[in-house]
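As structure tokens, the structure follows; a few thoughts come after it.
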Protein chains: 2
Amino acid sequence: MNQKRVAIIGLGLMGGSLGLAIKKASNDYYIIGFDHNKTHQKEALEYGLVDECSDDNERITQCDIIFLAIPVDAIIQTVNAFGSVAPHTTIIDLGSTKHKISTSIKASLRTHFVAAHPMAGTEKCGPSAAFDTLYNDKVLVLCDLDKSGEHQVQVAREIFTLINMKIVEMDSHHHDRRAAYISHMPHALSYALANTVLNQEDPKSILTLAGGGFRDMSRIAKSSPTMWEDIFRQNKENVLSSIQCFNKELHKCEALIQEEDWDGLNSWMTKANALHQIL
Amino acid sequence: MNQKRVAIIGLGLMGGSLGLAIKKASNDYYIIGFDHNKTHQKEALEYGLVDECSDDNERITQCDIIFLAIPVDAIIQTVNAFGSVAPHTTIIDLGSTKHKISTSIKASLRTHFVAAHPMAGTEKCGPSAAFDTLYNDKVLVLCDLDKSGEHQVQVAREIFTLINMKIVEMDSHHHDRRAAYISHMPHALSYALANTVLNQEDPKSILTLAGGGFRDMSRIAKSSPTMWEDIFRQNKENVLSSIQCFNKELHKCEALIQEEDWDGLNSWMTKANALHQIL
């Protein structure tokens, strides 16, 4: 049997779950993992996330598909450090920002490259966090497809369809603005909420009272600072403007409470309720 | 068999789930429900949340226990409208604020009254939202117990222990300050986040990208404005000061991103990660 060769660079939650999902969906792929953390490579083999691990750059760059499941700054560095790849190779990144990545890949590899962002994740990280349904039925955004080769676009569509993702397309500018509102700014809020409580005099007494609402809102404050530092750096302007929009809304709420405009506050909350008729 | 009589006023998520939990845990209680919404009374009977519904004030005020599972302003109005209750009656409220309630119950009923706040709930409301494990293994706060009769405190402890709640005690001042940080302010954030996205030019395109993080953070923005208007009114000062603390943290984050102090941002996020070693 002539299996297609898939390299997954980065064997944490995203890369590990991708290995599991592909192996679960099909026997047509042979998966080679790489992680600069050797303990992660060992764990990835133990958990069956990949078929083998390899540090051989030559072998990786000859694969049919190379996935990059690493922080967004590292994606650019890693791809641009590839000397060349096989003519049929498709390189796909899974980063949370898209514009900087899409415009920073070197010209000689740009048609090989497909910029993707799966709207899936948890606050956990490392190979032990991987699970085979992470991507199932989730949205996948593909960006700037006019810059990718026809073959590469087809390969990307096939593999994401195989693991049951819902593919949407948009340019990387739109993606980054929308991702700021739906993901990056909410992460900033969650980190700020966690720090607000931790800065109080007796945080443990406060946390004793934590119910589902607080747990949900502070969950993503557990996310990796290394990963999020890169995202905030690459999407700085959109993140700042989305935080400013949020500030305006929260100030509206504060003013309504301060002025005891309870009807106004009720209307403001009722408007927010509408979110869930859309979502 | 001599069953104890329990009245539940308010047959939504909280009251309905309480009826189910008590009936599941013991046959020693006969449960009489009341809701000013007659459709809710009908539904509560259909779903088996209570044994009967009654509009008879006399009958309700003679019960062994009267639970108030209604918005916090209505709790005060309803209890103070009771002419009198039986000598052995225990009145327990389930409101999210405690100081205003604890200090507003009329003197003739104050020893009958026990101020309680179960740290449990969902964003849903109405009898159809009720489920029998809502309170299971959750924290219950009892406040200002020195103002309640000895018999009433014992009755309250027994019934909340019966449905497997973890009881903690504190004075209502401390409760309201802590509840502002762990519950009330996070609700304000969630409503503000929902409105921020809804105010954008194309909210549906943004919401297409919603993953678990956004869904979790906006979930409680679906909560009832009527219920939350009352809570924000009763806990105004604590809510405002907790929002101000949050603003300082978020401004810190904004400044770090604006100034491109990535090390500082990384440290700030790492600090937030510590929350989950406590929680």
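The values are calculated or read from the model by the stated rules, or taken from the named source; none is laboratory data. Treat the numbers as computed from the prediction; the structure is a model and nothing was measured. Here the Cβ is made from the backbone with ideal geometry for all residues, glycine too, and neighbour counts use every protein chain on show. Areas reflect the complete protein model, heavy atoms only, side chains present, ligands, DNA and RNA absent. Shrake-Rupley method; radii C 1.70, N 1.55, O 1.52, S 1.80 Å.
Odds and ends about this structure:
- Rounded to the nearest 20 debye, dipole of segment B:175-278 from Cβ charges on Lys, Arg, Asp, Glu: 500
- Approximate spin-label separation A:GLU52-B:HIS276, in nm, with each point projected 7 Å along Cα-to-Cβ: 3.5
- Within chain A, helix-based [θ] at 222 nm, where runs of 4 or more DSSP H residues each add -39,500 (n - 2.57), nearest 500: -15000 deg cm²/dmol
- Compared with the alpha-carbon gap, the fully stretched path from A:GLU259 to A:LYS24 is longer by 78.8 nm at 0.36 nm per residue.
- Helix B:185-198 and the longest principal axis of the Cα set of chain B meet at an angle near 60°.
- Between identical copies, the spacing of B:GLN277 label points, each set 7 Å from Cα toward the C-beta atom, reads 4.7 nm from nearest to farthest.
- Residue-span extension gain [B:GLU237 to B:LYS106] - 0.36 nm each, minus C-alpha spacing: 44.8 nm
- Other-chain or far-sequence residues with amide H under 5 Å of A:VAL141's (modelled H): A:HIS117, A:MET119, A:VAL168
- Per-residue mean of C-beta atoms belonging to partner chains within 10 Å, peptide B:250-258: 6
- Exceeding the 31 Å Cα-Cα cut-off - candidates A:LYS222/B:LYS138; A:LYS166/B:LYS166; A:LYS166/B:LYS252; B:LYS106/B:LYS166; A:LYS38/A:LYS147: A:LYS166/B:LYS166; A:LYS166/B:LYS252; A:LYS38/A:LYS147
- Once the gyration tensor of the Cα atoms in the protein assembly as shown is diagonalised, the equivalent ellipsoid follows with semi-axes of 52, 24, 20 Å, ordered largest first.
- Highest average packing first - B:116-124, B:43-51, A:149-157, Cβ atoms within 10 Å: B:116-124, B:43-51, A:149-157
- Per residue accessible area in Å² of the protein assembly as shown, where ligands, DNA and RNA are left out and the probe is 1.4 Å: 39
- Pairwise label distance in nanometres, A:HIS88 with B:LYS38, each label 7 Å out on the Cα-Cβ vector: 7.4
- Under 16 Å from the B:LYS204 label point (7 Å along Cα→beta-carbon), backbone N, segment A:237-279: A:274-279
- A convex hull fitted to the Cα coordinates of segment A:175-278 yields 135 cubic angstrom per residue.
- Cα extents of segment B:81-230 along the three principal axes, largest first (Å): 60, 29, 27
- Axis-proximal residue, chain A, for the rotation superposing A on B (Cβ, Å): A:ASP216, 2
- Percentage, to the nearest whole number, of Cα pairs in segment B:4-170 over 19 Å apart: 49
- Rg/Rh for chain B, where both radii come from Cα atoms and Rh is the Kirkwood radius: 1.03
- For segment B:232-246, putting each phi into the Karplus relation 6.51 cos²θ - 1.76 cosθ + 1.60 with θ = phi - 60° gives couplings of 5, 5, 6, 10, 3, 5, 5, 5, 4, 6, 6, 5, 4, 4, 4 Hz, in residue order, rounded to whole numbers and with x for Gly and Pro.
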